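Engineer: My structure is below; once you've seen it, I'll send some questions.
The values are calculated or read from the model by the stated rules, or taken from the named source; none is laboratory data. No experiment lies behind these values; they were computed from the predicted model shown. Positions of Cβ are generated from backbone atoms using ideal geometry, with glycine treated the same way; all protein chains shown enter the neighbour counts. The area values use the complete protein model at the heavy-atom level, side chains included, leaving out ligands, DNA and RNA. Shrake-Rupley method; radii C 1.70, N 1.55, O 1.52, S 1.80 Å.
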Amino acid sequence: MQHETVNFLCMKCNVYRFLVAACALGMGMSCVQSSDFEVNGIIAGADGQTVYLENVGLSATVTLDSARLNVSGKFAFRQPRPDYPDFYHLRLNNQLINFAIDSTEVLSFLADAGTFAKSYTVEGSTSALAIKEITLAQLDANLAIKRLRKEYESGMISDSLYQSQVQEVIDTYKGIALKYIYVQPMSTTSYFALFQQIDGLLFFDLYDRTDSRAYGAVATSYNHFYPESPRARHLYNLALQSLKVLRSERTIDLDKIAREITLLDIELPDFHGEKIKLSDAARDKVVVLNFTVYQSEWSAGLNTTLGRIYAGYHAQGMDIYQISLDNDIHLWKNIVSSLPWICVRDPESVYSQAAALYNVKQLPAIFILNRKGNLVKRVEDINTLEKEVQAVL
């Protein structure tokens, strides 16, 4: 019996040595360790093209790896598994395949270069299939609204019909998204669905009472299941901020809602290329947060008004954090070189994630943050800005 045990242990050692050798020699076996995840697959018709694996972070998208494809179209990426559920995509030219990584170790994709973002298949992850459904719904909504916009601009449909049909398109997307948000609010699919955009704007309006419940549902679940995750904290603060702004329209004690809340932070480069955080600018100050485009016809008038308010109240602890969405960096630098307040630029322009987080629907967009860094007012009329600043000061 002892002899048999020794033989059995030796067999196990030999199998282990074989597996180690297979990994070292790249024998086609899946040798992903528990601390890694793997994304592999085949892209037909992509000979000579490059596919990228990118991490879609809270504030930026980072390229992790790339592979130049040959006629076989095969690729394989391996990366450390994130500490908390996170989002990624495969990029081929301007087409994206979105997916999330949580407990998954291996995802396998099969796609065609011509229809990369739409007709792919995926194995190894049910969330990737659900995220595909959300992505296709978002793409359908964008196409539908572009068609409606063309009809409206050509005079084929009226203002009221255009608005009602756009709302129908948005509601159709929300109907698909809400299947996940209220049934599985802790899932990566729900988080992904919540933050999809159309023309740079979120489908789910942070400051709409109904949509606010969707943010609250996902935020509560993420805070429960992933309390240390940066996304969980960010989303929780987002939901609380939305709740505070909505409830500020009523006479209640807002301190009972949340004693401590961090603002929706932004970090963008200034004239000198140094990144400036909104949270740093807002420390113990009243801050006017302004999203703008200097190339617009109203920009000069807006800056004149801001300049007058800045001169009158800066000494009392008021500052301006102005975010440019201009494409032309040289024009932006020429203008901001003479402005006294904080001027930063978002290189993503109309696709700005910062603008999307604040649900900027039109420009200029102006918000006021109090000395605690809480968003307390969304200013709709520039003519009331000075009065609103005085009230917060």
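Engineer: In units of 2.2 N^0.38 Å, what is the alpha-carbon radius of gyration of the chain? Walk me through the intermediate numbers first.
Structural biologist: Working: Rg = 25.2 Å, N = 393, 2.2 N^0.38 = 21.3 Å.
The value comes to 1.18.
Engineer: Non-local amide H neighbours of Leu64 (under 5 Å, H modeled in plane, Pro and chain starts lacking H): which ones?
Structural biologist: Leu53, Glu54, Asn55
Engineer: Right, next: Please report how far the C-alpha centroid of segment 272-309 lies from that of segment 161-180, rounded to the nearest whole angstrom.
Structural biologist: Their Cα centres are 33 Å away from one another.
Engineer: Could you work out [θ]222 nm for the chain from helices alone, using -39500 (n - 2.57) per DSSP H run of at least four and dividing by all its residues? Round to the nearest 500 deg cm²/dmol.
Structural biologist: The helix-only estimate for the chain comes to -13000 deg cm²/dmol at 222 nm.
Engineer: Could you work out the per residue convex hull volume over the alpha carbons of segment 130-193, in cubic angstrom?
Structural biologist: On the way: hull volume 4.1 nm³, N = 64.
Measuring per residue, one finds 64 Å³ for the Cα hull of segment 130-193.
Engineer: What percentages make up the Cα-Cα pair-distance distribution of segment 37-79 when the bins are 5 Å wide from 0?
Structural biologist: 6, 23, 26, 20, 15, 7, 2, 0
Engineer: On the protein heavy atoms, probe 1.4 angstrom, tell me the percent of accessible surface of the chain carried by carbon and sulfur. Intermediate results must be reported in sequence, preceding the final value.
Structural biologist: Details: 10810 of 20620 Å².
The computed percentage sits at 52.
Engineer: How much accessible area per residue does the chain have, in Å², with a 1.4 Å probe? Let's see the in-between values first.
Structural biologist: Numbers: 20620 Å² over 393 residues.
Heavy-atom accessible area per residue stands at 52 Å².
Engineer: If you add up the charges near Phe204, with Lys and Arg at +1 and Asp and Glu at -1, over every other residue whose beta carbon is less than 9 angstrom from its beta carbon, what do you get? Write out the running numbers ahead of the final one.
Structural biologist: On the way: positive: Lys174; negative: Asp205, Asp208, Asp211.
Its environment carries a net charge of -2.
Engineer: Output the 0 to 90 degree angle, nearest 10, between the alpha-carbon long axis of helix 299-313 and the longest principal axis computed from the alpha carbons of the chain.
Structural biologist: Value to nearest ten degrees: 70.
Engineer: I'm checking a number: the convex hull volume of the Cα atoms of segment 257-393, normalised per residue, in Å³. What is it?
Structural biologist: On the way: hull volume 15.0 nm³, N = 137.
Dividing the Cα hull volume of segment 257-393 by its residue count gives 110 Å³.
Engineer: How would Arg68, Arg78 rank on accessible area, largest to smallest, probe 1.4 Å?
Structural biologist: Arg68, Arg78
Engineer: Largest first, how would Thr304, Thr50 line up by accessible area (1.4 Å probe)?
Structural biologist: Thr304, Thr50
Engineer: Also, I was wondering about something else. Taking the Cα centre of the chain as origin, sum charge times position over the Cβ atoms of Lys and Arg (+1) and Asp and Glu (-1), and report the length of that vector in debye to the nearest 20. Working shown, then result.
Structural biologist: Working: 37 positive and 44 negative charges, 91 e Å.
About 440 debye.
Engineer: With everything on Cα atoms, drop me the angle between helix 126-153 and the longest principal axis of the chain, reported from 0 to 90° to the nearest 10.
Structural biologist: With both axes taken from Cα atoms, the answer is about 40 degrees.
Engineer: Quick one: what are the phi-derived ³J(HN,Hα) couplings along segment 331-348, Karplus 6.51/-1.76/1.60 with θ = phi - 60°, whole Hz, x for glycine and proline?
Structural biologist: 4, 4, 5, 4, 7, 6, 4, 10, 8, x, 8, 6, 10, 10, 9, 9, x, 7
Engineer: Connecting C-alpha atoms closer than 10 Å in a GNM of the chain, tell me which of Ala100, Ala300, Ala365 has the biggest fluctuation.
Structural biologist: Looking only at Ala100, Ala300, Ala365, the largest GNM fluctuation is found for Ala300.
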